[in-house]
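What follows is one structure encoded as structure tokens, with my remarks underneath.
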Amino acid sequence: MNRPPVFVGIVGWKNSGKTTLVERLVPLLSSRGLKVMTVKHTHHDLGPPTGSTDGERHARAGALKAFVIAPDAWEISGHRQLGPPPTLAELSPHVADADLVIVEGFKSAPIPKIELRRLNTQTREPLAATDSRIAAVAADYEADAGELPLFALDDAEAIAAFIAGFA
């Protein structure tokens, strides 16, 4: 019997490098034999495909399915879906074939998350201070991660190995 996929979040403030890291993680995790899907949370309305939307970037990276959840709409791999956007829990039937679902955004989701910190973001308030589900921190500077594992933000290999431990 197949077990349900593991959800792991990539969270951080705006412009912390979430999409870029997801793009790097998907092929690394796929090369480990994991079936990877992605979910992107956006506060913006869904627009037409441009070749550079975050969902398209996830798909090009090799995600088996790339979900984008907006306030009033949602899509799977660029195809608009009917009905209101689902919660992460309601995505279960759509991700049943995955081993791992990388979730970009959804800061308050009840899943293990890796917090990204960038020196040049407008907000540098640590999320881990108020979220016990933060499992690690990845930063582009010598951040204080407390007792959590700390990765260099550009060390996608190490982050992928950490995530593979969940899956």
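The values are calculated or read from the model by the stated rules, or taken from the named source; none is laboratory data. This one's a predicted model, so the numbers in the text were calculated from it and none came from an experiment. Cβ atoms come from the backbone with ideal geometry, glycine included; neighbour counts cover every protein chain shown.
General remarks:
- ALA98 vs. criteria modelled with pLDDT of 95 or more, hydrophobic (A, V, I, L, M, F, W, C) and assigned to a loop (DSSP other than H, G, I, E, B): yes
- Residue check for LEU127: under 27 Å from ASP144 (Cα atoms) and within 14 Å of the chain's Cα centre (by Cα): no
- Long-range neighbours under 9 Å by Cβ, at least six apart or interchain, first residue free of Cβ contacts under 8 Å to residues at least 24 places away in the same chain within segment 66-80, second aromatic (Phe, Trp, Tyr): ILE76/PHE67; SER77/PHE67
- Matching entry among GLY165, GLY146, GLY105 (being free of Cβ contacts under 8 Å to residues at least 12 places away in the same chain and of a type outside the set (S, T, N, Q)): GLY165
- Residue in segment 103-110 that is of a type in the set (Val, Ile, Thr), touching a strand residue (DSSP E or B) at 6+ places or on another chain (Cβ under 9 Å), surrounded by 14 or more Cβ atoms within 10 Å (Cβ to Cβ) and outside any loop (DSSP other than H, G, I, E, B) present: yes
- Being under 14 Å from the mean Cα position of the chain (by Cα), at negative phi and surrounded by fewer than 20 Cβ atoms within 10 Å (Cβ to Cβ) holds for only one residue in VAL6, VAL39, VAL22, and it is VAL6.
- Some residue of segment 90-99 being closer than 22 Å to PHE151 by Cβ, in contact with a Lys or Arg (Cβ under 7 Å, 6 or more places away or on another chain) and in contact (Cβ under 8 Å) with a residue 60 or more places away in the chain: yes
- Strands (runs of 3 or more DSSP E) within segment 10-88 that include 1 or more residues among the β-branched types (Val, Ile, Thr) and under 22 Å from ARG133 (Cβ atoms): 36-41, 66-69
- Hits in segment 130-140 (condition: loosely packed, with under 12 Cβ neighbours inside 10 Å and not small (Gly, Ala, Ser)): THR130
- PRO4 fulfils the conditions (1) in contact (Cβ under 8 Å) with a residue 24 or more places away in the chain; (2) out of contact with any Ser or Thr (no Cβ under 8 Å at 6 or more places or on another chain) except for a single criterion, (2).
- Cβ-Cβ under 6 Å pairs, at least 6 apart or on other chains, segment 9-27 side without any contact (Cβ under 8 Å) to a residue 24 or more places away in the chain and within 14 Å of ILE163 (Cβ to Cβ), far side assigned to a loop (DSSP other than H, G, I, E, B) and of a type in the set (Val, Ile, Thr): none
- Any chance GLY33 is more than 19 Å from ILE159 (Cα to Cα), loosely packed, with under 13 Cβ neighbours inside 10 Å and over 15 Å from the mean Cα position of the chain (by Cα): no
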